[in-house]
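Here's the structure we're looking at; comments come further down.
Every number in this text was worked out from the coordinates using simple rules, so none of it is lab data. No experiment lies behind these values; they were computed from the predicted model shown. As a convention, Cβ positions derive from the backbone with ideal geometry for all residues, glycine included, and neighbour counts pool all protein chains shown.
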Amino acid sequence: METMKQPLLRLENVSVQLGHGDNAIRPVDGVSLTIQRGETFALLGESGCGKSMTALSILRLLPQPVGRITAGNVWLGDEELTALAESDMRRIRGRRISMIFQEPMTSLNPVLTVGDQIAEVLKQHHRMKGRVAADRVLELLDAVGIPDARRRAGEYPHQLSGGMKQRIMIAIALAGEPDLLIADEPTTALDVTIQAQVLELLQKLQQETRMAIMLITHDLGIVAGMADRVAIMYAGQLVEEASRDRFFSNAQHPYSRKLFESLPDVRKRDQALATIPGTVPSLNQEFSGCRFAERCAAGWDYCATHVPAWHAAGEDQATRCHRADPALDKPAISARVDGDKDHAARQLPASGNLLDVTDLKVHFPIHKGVFRHVTGHVFAVDGVSLQIPRGSTLALVGESGCGKTTVGKGILQLIRPTAGSVRFDDIELTQLAGEALRKRRSDFQFIFQDPYSSMNPRMMVGDIVEEGMAAQGIGNNKIERRARVDQLFEQVGLSAEHTQRYPHEFSGGQRQRICIARALAVDPQLVICDEPTSALDVSVQAQILNLLKELQNTLGLSYLFITHNLSVVSYLADRVAVMYLGRIVEEGPVARVLEDPQHPYTRALLSAVPDIEPDSGREVIRLAGDLPSPSSPPTGCHFHPRCPQAMPQCAQAYPDNFGAPGHPVRCFLYS
Amino acid sequence: MIMPVILWTDALVFLLTLVVVVFVFYARSKPHIRAPWQRVFRGRVAAASAVVLLAFVLVGLLDSLHFRLPLEGNGHNGEIHYSVDVLSVFDVLVGPLRSQEEKTYSAPFATHLFAKESVEHADGSKTREFPPLAHAGRHLQKSSTVKHVDILQRSLASLFEALLTGALMLWLLSGVLARRAARSTRDMLREILLQRTVIPWRTILATLTLLLLLVFLSINLASVYHVLGTDKVGQDVYYLSLKSIRTGLLIGTLTTLVMLPFAIFMGIVAGYARGWIDDVVQYIYTTLNSIPHVLLIAASILMLQVYIANHPELFETTVERSDIRLLFLCIILGITSWTGLCRLLRGESLKLREAEYIQAAVSFGVAHTRIITRHILPNVMHIVLITVVLDFSGLVLAEAVLSYVGVGVDPTMNSWGNMINGARLEMAREPVVWWSLLSAFLFMFTLVLAANLFSDAVRDAFDPRTRER
């Protein structure tokens, strides 16, 4: 009876330190948690909050030689892991606790077959060899849903897709038959439809093997769908722990609440999203108060001087906040002080299409042999037509590899299209070249996905923003341009003093603001945003979305918003176009497409998005397999091999535009 | 009046020095350039090797200030004739080292020649014995000190002087640093001695004191002995080794100066423009790489030799003649060695042209030349720097090998390669004359070791892959 009650894993006051001396960072500072057998425990938080470090400290895999556990105990059953010798830890790792990492592309050894990599674990922990091991490998591959396991076991990682690789990682993790599986952002690098497959697989395996899962994620939707219990981490500490239902119905800590409020959503379309001002404090200091106090809307002066203790807040719930302390006299929460304002009403300028793309094609030739003759083409974009009216936003949605970004670059002539026409303000861009094109470039701008790599690290940000103006001849002299740069910085929420700094001195959100300022500097009419928030945390994403929306309202900008995040689409876009393998399969007003999707692919995509409403009763449409290669697309409708509603005629020809007026759908279901 | 002589290589050396000085001032205002250099000088090994390298550079620079002295008894109508000997400031500084020539070989610290000679005595008898040296050890005969005691006394005196100067420098440095940090000199002194400063001053001072010891030893001992012996024609080997520093440094740096424009321009343009330009550049360096370098160097040096021999009127002095040969050696070495860097830069630019900040610049309509100079060049400079520093020691060694083969610098020029070449015969003698080879080895070893240690530190500080830790 005693062993039944004992938790599987118990962390007591674990602290981790990286580095030595004054600059030492404490990414984990006194974390205590317990995980029961067979439960899914979600550790949630923004980047840099110490989630991964907590996981690594359990397995004693902290980066060496800088990282070490400075205090606390890690109990696995009745074994104390921090006291074990390194050789004994090997008996634990992979056998009793396994881990899967975020990036499946780099977690597998590229020169060994996947079968060998699984067999290695079997040999290490179960002394299985030869036939027995080979059979077990096939069993495991079957268990993680890899079709044609016998053939796949002999393949190398580069022959598999991202989703397959993550399944292999799970198979390796399962090979040791662990009691606990630590999954560190297991689906962040994957597309939503693949993410749904992997999450479903994890749930199925958990039911079969009764192992516990520690799920580390930043996605509230995944937590809602998977977790039994949730812990929120902020700046190295747990700030709230609760059962899933309590957490989603009644989150206590102001930080948890802000996370919910900052999620973009169709219902928040007309208002600004809640944001958390400031940034996560650096963890090399001693804290004398609540770590969230500076950014907290519910705090008062007491919070800055007193470290909050861990207070129970009802059954199954505890939080680290003074507001939960029954012994304290608490002032009322002041009205919104963080300056969030609702958006000004949007003035739609004169109607007419700013951008009119017809039948855009971008094909990349594949060269082979000594003479590098063309043996085939990658049909990255294969006949895309879209229109963007002035002052409105079109969202282009699709999985990675479907050609979204190439459409954007093809429109801007950063990649020259193979065929088709791009009419911008009644000028045919595909016909422009050299100086003529260079002069028009100020009208359309691009905001890149990764704010870290889109600025030259060796230029000051003021110079970066000014460069485009100088190239386009905006402003008569340097002084005028400088004044405009200062003004732009104010406009995007930075201060003019920031211009004299280098990109690395800014956080991700600030950098994306600078990128926006850079695009605005040349007074564009159209801005193509290529996943501008996918590298950012939720609260920072809200800031950027607010900024983009405000700029559209005041400047009348048009956006082509390339994304895979459907909640952002519902918040920001007017119309949405869904892309699959180089072609648009459905297009229409955002409300109609998201609420009443027509194309089977759109339906599958929408159903695969994790929803924070638990038990919303929706059925996940599971898509078989992966995106086919764009160099040899399937005959007929590109989607038919994965389509649950495929008909014989789908394999014959590519469907024309069907569907209601203003809402074209390329599917034979509507012919 | 003396007549200054500016050799081709001198001009280039001072151009290079000017470039370095300008770069230092430019870098001071740019934190992203300054930061990695500060990281370099925070390492103790790097700081010590930098001091050693600077000492070599100082000797090289002093040896590059050339002039000719007027001849005694000038001709009529005010015309001044100049000596054909081209001297350098360094020659003047070391004074007796240059002029105290013996007849032939003598061992380090010897007072007599290495070979027996017939000596005619006052009474007309002849004996074969080791004749005393013309310059070394003369003072021993006047006073009656024993040689070993004399050497010991002079060494101790040098040690004392070096320590005294070192202490003086320590005191001055802590005074300056203390004033800058607005603290007391005592505090700063303790910080330096306990190595608590950001820049490892204690290491730097220790290295400097060691170098000073060598300087004082040279002053006290080399003026009265041949500390490293003399060579076949009686020249002081220590002097020859010091004079060779300039040759070694020139080969290492001027070659780089020649190759950099090729490598940077061709590499970046090939990677950025791609297409047929890339093909042409690739063909050029693949072809150049397939020709054996020694063959190419031998062919061009031999051709140059013929040219010089046929046009004696172009060169006023032998120094000018050997100088032009050195310059051509640098050029031809540069032409054969730019391919490696060019290939690296091509690869890096291929990668960078796809970087988002370059794409952003293109989408602003920024001109190509500007993209190359503002965006690509600054982001490949770390590769250039690492390659240059790493190549330096290789080139110094290459000079030795080429001179040994006979296609290196002019035989009349002082160089370690020539010293080693000469040692071929010396090593075959019985008893062996070992000091030329040893001195060339010692000097080359010190320079190359310091350069390698320094380049390691530079690579660690600039390479983004090693910076993570």
Counting other beta carbons within 10 Å of each Cβ, put A:105, A:460, A:211 in order, fewest first.
A:105, A:460, A:211
What FRET efficiency comes out for residue B:37 versus residue A:91 if R0 is 56 angstrom and r is the Cβ-Cβ distance? Round to the nearest 0.05.
0.70
Can you list the aspartates and glutamates whose alpha carbon sits under 20 Å from that of residue B:142, skipping same-chain ones fewer than 8 residues off?
B:102, B:150
Karplus-derived 3J(HN,Hα), 6.51/-1.76/1.60, for each residue of the stretch B:260-266, Hz, glycine and proline x:
4, x, 4, 4, 5, 4, 4
Please identify the DSSP H helices in chain A that span no less than 15 Å along the helix axis (Cα) and have a mean Kyte-Doolittle hydropathy of -1.0 or more.
A:114-126, A:130-143, A:162-175, A:192-209, A:461-472, A:508-520, A:538-555
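Within 9 Å, Cβ to Cβ, of residue A:467, how many net charges do the neighbouring residues add up to if Lys/Arg are +1 and Asp/Glu are -1?
Values: positive: A:518, B:370, B:374; negative: A:463, A:466.
Around residue A:467, the charge tally is +1.
Compute the FRET efficiency between residue A:70 and residue B:16 as 1/(1 + (r/R0)^6), taking r as their Cβ-Cβ distance and R0 = 56 Å, and round to the nearest 0.05.
Efficiency for this residue pair is about 0.60.
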Ranked by Cβ crowding within 10 angstrom, fewest neighbours first, how are A:421, B:99 ordered?
B:99, A:421
Aspartates and glutamates whose Cα lies under 14 Å from that of residue A:123, excluding same-chain neighbours fewer than 8 positions away:
A:135, A:177
Once label points are set 7 Å from the Cα along Cα→Cβ at both residue B:186 and residue B:163, what is their separation, rounded to one decimal in nm?
2.4 nm
Could you tell me the center-to-center distance, by alpha carbons, between the stretch B:112-152 and the stretch A:80-138 in angstrom?
81 Å
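What does the charge count around residue A:186 come to, taking other residues whose C-beta lies under 14 Å from its C-beta (Lys +1, Arg +1, Asp -1, Glu -1)?
Every neighbour counted, the sum reads -3.
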Residue exposure sequence - B:51, A:665 - by fewest surrounding Cβ within 10 Å:
B:51, A:665
Taking each residue in B:352-361, count the Cβ atoms of any other chain within 10 Å of its Cβ, then average. What number comes out?
6
Report, to the nearest 10°, how far helix B:435-462 tilts away from the longest principal axis of the Cα atoms in chain B, using its own Cα long axis and a range of 0 to 90°.
20 degrees
Calculate the mean, over all residues of peptide A:71-83, of how many other protein chain Cβ atoms lie within 10 angstrom of the residue's Cβ.
0
So, in nm, how far is label residue A:37 from label residue A:309 when the simple model puts each one 7 Å beyond its Cα toward the Cβ?
3.4 nm
How charged is the neighbourhood of residue B:41? Take every other residue with its Cβ under 14 Å from the Cβ of residue B:41, and add Lys/Arg as +1 and Asp/Glu as -1.
+4
Compute the helix-to-body angle for B:8-28: its Cα long axis versus the longest principal axis of chain B, expressed 0 to 90° and rounded to tens.
50 degrees
Calculated FRET efficiency for the pair residue A:327/residue A:150, C-beta based, R₀ 56 Å, to 0.05:
0.30
Using 0.36 nm per residue of separation minus the Cα-Cα distance, give me the extension gain between residue B:155 and residue B:429 in nm, one decimal.
95.5 nm
Within the stretch B:323-421, GluC sites (Glu not before Pro) in DSSP loop having at most 15 other beta-carbon neighbours inside 10 Å:
B:354
Among the lysines, which have Cα under 25 Å from the Cα of residue B:147 when same-chain residues fewer than 8 positions away are ignored?
B:103, B:116, B:232
Considering only the protein assembly as shown, percent of DSSP beta bridges that pair antiparallel, nearest 5:
65 percent
Measuring from the longest principal axis of the C-alpha atoms of chain B, the long axis of helix B:416-426 (C-alpha) lies at a number of degrees, nearest 10, equal to 40 degrees
